[in-house]
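Engineer: Quick one: the structure is below, questions incoming.
Since every read-out is calculated from the coordinates, none of them should be taken as a lab result. This one's a predicted model, so the numbers in the text were calculated from it and none came from an experiment. FYI the Cβ positions are ideal-geometry reconstructions off the backbone, even for glycines, and counts take in every protein chain you see.
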Amino acid sequence: MSEPGQESTTAGPAWALPEAAPDTVNDIAPHIAAVLGGVGAATGANGFPSGDKHAEIPPLASFDQPLTLADVLDGSFEIMKARPRAVFLLAASVLLPVAVAVVLVDPSLLGGDALAALTDSSTYEDGAASTDSNFGVSILATLVSSFQVTLLAAPLAVMVEGWSRGRDIGPWQAVKSVGSGWIWLVIAFVLTHIAQAVGAVFLVLPAVALMALFSVTAPALAIEHLNAGRAISRSWQLVKSRFFPTLWVNLLSAVIAGTLSFLLALLPLAIVELFGLGGEQYAAALGSVGAGLVALPFTAGVAVMLYFDLRIRIEGFDLDLALDRHFATDEVPVR
């Protein structure tokens with residue numbers, strides 16, 4: 001990475017904040033605009049026509065080349081860093097209703113007995129007897145978490161695409177942009193998970209393969225305004241040409257998200273146990289919610305980054321964005 005004012009001798013990261021990497025296309029955009037006669041509007045820091053003076057566009061660089069594994073994972077965190085309040089507001093809107101309902105029914109379902117399970121030897125001795133009862137709860141929790149990721153990935157994709165095109169898309173605008181697609185999103189979730197369940201009945205591998213093939217359904221549906229069937233087909237078509245890299249990214253991101261969730265959820269429990277404050281169940285509930293506010297945006301962000309990476313590699317989406325820089329308007333389509 002070169003210092004400001006020095007010429008770089010290596011290519012910068014594929015997707016990063018402009019403070020961390022130069023954006024060559026953005027740098028030459030004003031000169032190209034001048035040759036073409038200008039776009040008739042003042043340009044901002046990213047080379048786009050300046051928009052709302054009351055809201056600065058997150059200074060995200062464009063998707064100007066295919067993304068590496070590190071770019072996808074780091075890019076998911078960069079989305080959260082770019083607009084933390086907007087991202088966490090969206091995450092809270094899909095996470096808190098379920099968390100509140102669970103706390104009212106039984107706080108231990110959010111992990112209130114997690115620390116005891118790790119420290120009490122009788123937990124392991126009696127584990128076989130409770131396996132069947134816990135299996136159903138685990139499956140339900142997995143489905144709920146997956147549904148939350150799906151709901152979050154749709155507006156998050158709209159926000160990121162808007163930022164990449166120089167438009168400041170807030171959380172409410174992103175939700176409105178999805179429009180009637182919310183119904184299709186629910187239908188797509190049901191259909192894809194029925195298919196995965198059928199695959200799991202025979203072998204685990206078909207279910208994992210289908211998970212990867214359907215992994216960008218939500219971003220495709222939200223960005224391209226597709227119905228459920230077309231969004232599922234679109235995800236399949238994008239992923240199949242890069243199946244194994246996509247599968248690897250999904251598995252790795254699941255491990256990272258699971259590790260983050262586990263460690264963050266245990267933090268409040270460790271504090272109350274260390275100082276003997278009591279209320280372990282509610283501390284665990286708080287830790288679970290806090291962990292979800294980090295893990296859910298990360299997982300949804302990975303799906304969003306994968307979607308744009310696949311479009312760059314297969315369809316030249318980076319060229320579309322480069323053209324959009326020169327002829328972009330300030331209009332924000334809202335359905």
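Engineer: Rg/Rh for region 233-300 to two decimals, with Rh computed the Kirkwood way over all alpha-carbon pairs. Let's see the in-between values first.
Structural biologist: Numbers: Rg = 17.1 Å, Rh = 13.8 Å.
Radius of gyration relative to Kirkwood radius: 1.24.
Engineer: Could you line up Asp74, Asp318, Asp309 from fewest to most neighbouring Cβ atoms inside 10 Å?
Structural biologist: Values: Asp74 18, Asp318 21, Asp309 29.
Placing the least packed residue first, the sequence is Asp74, Asp318, Asp309.
Engineer: Further question on the same structure: Considering Cα pairs under 8 angstrom that are at least six residues apart, work out the relative contact order of region 67-315 and quote it in whole percent.
Structural biologist: Numbers: 280 pairs, mean separation 78.4, N = 249.
Averaging sequence separation for qualifying contacts and normalising by length gives 31 percent for region 67-315.
Engineer: Please report Glu273, Glu315 as a ranked list, fewest other C-beta atoms within 10 angstrom at the top and most at the bottom.
Structural biologist: Numbers: Glu273 16, Glu315 11.
Listed from fewest to most nearby Cβ atoms, that is Glu315, Glu273.
Engineer: Calculate I(q)/I(0) for region 67-315 by the Debye formula, one identical point scatterer on each C-alpha and no solvent, and give its log10 at q = 0.10, 0.17 Å⁻¹ to two decimals.
Structural biologist: Cα-only, vacuum Debye calculation for region 67-315: -0.51, -1.32.
Engineer: Quick one: Karplus J couplings for region 161-176, per residue in order, coefficients 6.51, -1.76, 1.60, θ = phi - 60°, nearest Hz, x for Gly and Pro?
Structural biologist: Per-residue couplings from phi come out as 5, x, 4, 5, 9, x, 10, 7, 9, x, x, 5, 4, 5, 4, 5 Hz.
Engineer: While we're here: Roughly speaking, what is the stretch gain from Asp324 to Ala200, that is 0.36 nm per residue apart minus the C-alpha to C-alpha distance, in nm to one decimal?
Structural biologist: Numbers: separation 124, 0.36 × 124 = 44.64 nm, distance 4.32 nm.
Once the chain is fully extended between Asp324 and Ala200, it gains 40.3 nm.
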